[in-house]
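Novice: Dropping the structure in here first, questions after.
Throughout, read-outs are computed from the coordinates displayed, never taken from laboratory work. Because the structure is a prediction, the values reported are computed rather than measured. With ideal geometry, Cβ positions are generated from the backbone for all residues, glycine too; neighbour counts draw on all protein chains shown.
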């Protein structure tokens, strides 16, 4: 199950905007058919192979259901692996990052649940806007640099979104 076959595996066309419900349904079908328990009485090699296939399926599913990973995967399908260590060279976005982090820190210190909810809504809107901007660009070689910049922004917002969810969980306890 090569990286290039993730969309094929789930019988989906390569695209940024995908039907997540359909992806989940196909994942469940494949997970049942590939489950290692189905080969419990098989040889050690067959059991190991089944376990590897199940792990690869899980990796493919996580990649396609997560927008920044899906975007990176699409770019890889075009023959362009992104450098994971590259930094964002966009001063306005770097300033925006700083402002978001400061705002989240202030909301955390104040334990402001309604403010956190509003922040989360704005963050979600920003994530959706990045996805809309990326969707038409990933196949265009002339837009490669812009597409990579959008993926890096997606990755940052995804991490920030995780921090918001963790903060909500801590405040709910």
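Novice: Using alpha carbons only, how many angstrom separate the centre of the stretch 123-156 from the centre of the stretch 39-97?
Specialist: 17
Novice: Below 8 Å between Cα atoms, with a sequence gap of 6+, how large is the relative contact order for the stretch 3-65 in percent? Display every interim value, and only then the final one.
Specialist: Values: 34 pairs, mean separation 24.8, N = 63.
Relative contact order of the stretch 3-65: 39 percent.
Novice: Under a point spin-label approximation (7 Å from Cα along Cα-to-Cβ), what is the residue 48-residue 129 distance to one decimal in nm?
Specialist: 5.1
Novice: Continuing with this model, one more query. What translational D, rounded to a whole number of µm²/s, comes out for the chain from Stokes-Einstein when the hydrodynamic radius is the Kirkwood one over Cα pairs, at 20 °C and 1.002 mPa s? Mind dumping the intermediate values first?
Specialist: Working: Rh = 18.3 Å.
Roughly 117 µm²/s, to the nearest whole number.
Novice: So for the stretch 13-70, what percent of the C-alpha to C-alpha distances run longer than 19 Å? If you can, show how the numbers build up before the last one.
Specialist: Details: 609 of 1653 pairs.
Here the tail beyond 19 Å accounts for 37 percent of pairs.
Novice: Tell me what the chain gives for mean residue ellipticity at 222 nm when only DSSP H runs of n ≥ 4 count, each as -39,500 (n - 2.57), the sum divided by the residue total, rounded to 500 deg cm²/dmol. Provide the component values of the computation, followed by the final result.
Specialist: Values: 7 runs with 123 residues, N = 173.
So the calculated ellipticity at 222 nm is -24000 deg cm²/dmol.
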